[in-house]
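Working notes, beginning with the structure itself.
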Amino acid sequence: MKKIGIAIVIVMFLSIAGNFTIADENVAIVVSDNCADHAIAEVLSEQLNASIVTVEWGYYDESILQRIMDLNVSKVIIIGGPKAVVIEIEMALSGVVEVERIGGEDRAETVAMICEEYSFMFKERRALVVQGNDEKGLKDAVEKAKICGCPLFIIEDNEVPECVMQAMEKMGINDIELIQTPNMDVEHIQTQFANIGCEKVQLRGVPIKERTEEEINEAEEKISEAENLEAQNDVAVIMIEKAKEFLETAKALYNEGYYGEAFGYAVSAKILAENAIKVIEHSEKDGHGQGNLGEKAENMLTQVSSKISDMETEIQSLEPSDNTTEIENKFNEIKAKLEEAKTAFDSGDYEKCIEILEEIKNMIPELQQMINECSGGEDHGDDDCEKASKKIQEAGVKIAHVQMKIYEAMAQGKDV
């Protein structure tokens, strides 16, 4: 019995000592300007007494190393995957300070991973839960989380991600304050929490009509700001036009009394306008972001994917023959390489992604010629590729998360 008591004391001492070690470190948190990632960064910084260094989502900031050095830190925690905080930033910091990156498949998983890893820092077994696109709700949640010393989790409009439920179960969360948005399926979310033992779900409601009107006005302001910028490019123009379509849909739904649906479209319109502004600003500074590996890889991936999608449509219209079998084999070879490129991009290996895409671009003319010979058409080369790219972008813009890149939304294929 005495040995058990001593063992418990030792375990408690080691746990406390570990907590002091982390708290006593001079830590900086590097996070993108994505509102969900930044929200958990603020909550974590309160617990660790850490400085926050904000960088732009998806872009390399050459000043980052000096900004970190000026803080005289011994450790840097990067919040978000390589799409949010680009790999070049991690490379610049590695070898200078200790670097830990915490990033999941999406913002909900990133936030859940942080809450779980640093669960010992939170004083309470209760949590604040907010929808990831709700900027106002996120700000309110951050302030309350700082005061009560509890974790913050991110969910979808109508779904609690599995990663969130798993983290909550491991942390023993049984008391939740849910910050509502106008388009949230509250009943379904409450049921999901009840399934993991969180019976106590306190709902913090919002004035739905007023909140929706506010979001529509903010979207309108962002679209106006984007349109008033002097420099434009094709991608930005498409994004602005799609944002205006979403805004008109939001207004129509609002006037019909469908405030939840209107809110969703207004959020999407604002996101598109914000991303259009970023595209314009960076096209002025670095020629469409080509100085950034991640941006270059993303642009190439979008163009090549668009061309391949267009070619697939052509192939499907061909009459079956020995030639079409050969064409299909060649096309499947290219598609397999495209999947390799996507995997490399998702893992943050942008150099590998670009290398594979260059291979694909060299393979496309031969396949296009085979298709044209089989169909009796002509090879339009790069012009065809550019037209296909624009056509796909115009038709395929769909939004799933706040502060996401337009191409990421297209890749996810989620409707508003």
Looking only at aspartates and glutamates whose Cα falls under 12 Å of residue 244's and that sit 8 or more positions away or on another chain, we get 220, 221, 227
In whole angstrom, the spacing between the Cα centers of the stretch 186-240 and the stretch 291-345 equals 34
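Longer than 25 Å from Cα to Cα, which of 330/352; 270/337; 83/337 are they? Say none if no pair is.
Going by Cα-Cα distance, 270/337 fall outside the 25 Å limit.
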Within the stretch 94-171, pairs of Lys residues whose Cα atoms are less than 17 angstrom apart, provided they are eight or more positions apart or on distinct chains, add up to 5
For the pair residue 366 and residue 241, the simple spin-label estimate (label points 7 Å beyond Cα toward Cβ) gives in nm 3.6
Placing each pseudo-label 7 Å from Cα in the direction of the beta carbon, residue 214 and residue 62 end up separated by a distance in nanometres of 4.0
Neighbours of residue 124 by Cβ distance under 14 Å: Lys/Arg at +1, Asp/Glu at -1, summed charge +3
Expressed in nanometres to one decimal, the distance between label points 7 Å along Cα→Cβ at residue 323 and residue 71 is 6.2
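Placing unit charges on C-beta atoms (Lys and Arg positive, Asp and Glu negative, everything else neutral), compute the dipole magnitude of the stretch 134-250 about its Cα centre in debye, rounded to 20. Spell out each step's value before the answer.
Values: 12 positive and 28 negative charges, 139 e Å.
Charge dipole of the stretch 134-250: 660 debye, to the nearest 20.
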Among 198, 151, 186, the residue whose Cα sits farthest towards the positive end of the charge dipole of the stretch 106-206 (+1 at Cβ of Lys and Arg, -1 at Cβ of Asp and Glu, taken about the Cα centre) is 151
Computed for the stretch 173-318: size of charge dipole around the Cα centre, +1 on C-beta of each Lys and Arg, -1 on C-beta of each Asp and Glu, debye to nearest 20, value 280
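No value in this document is a laboratory result; all are computed from the given coordinates. These numbers come from a predicted model, not from an experiment. Ideal geometry is used to build each Cβ from the backbone, glycine not excepted, and the neighbour counts take in all protein chains shown.
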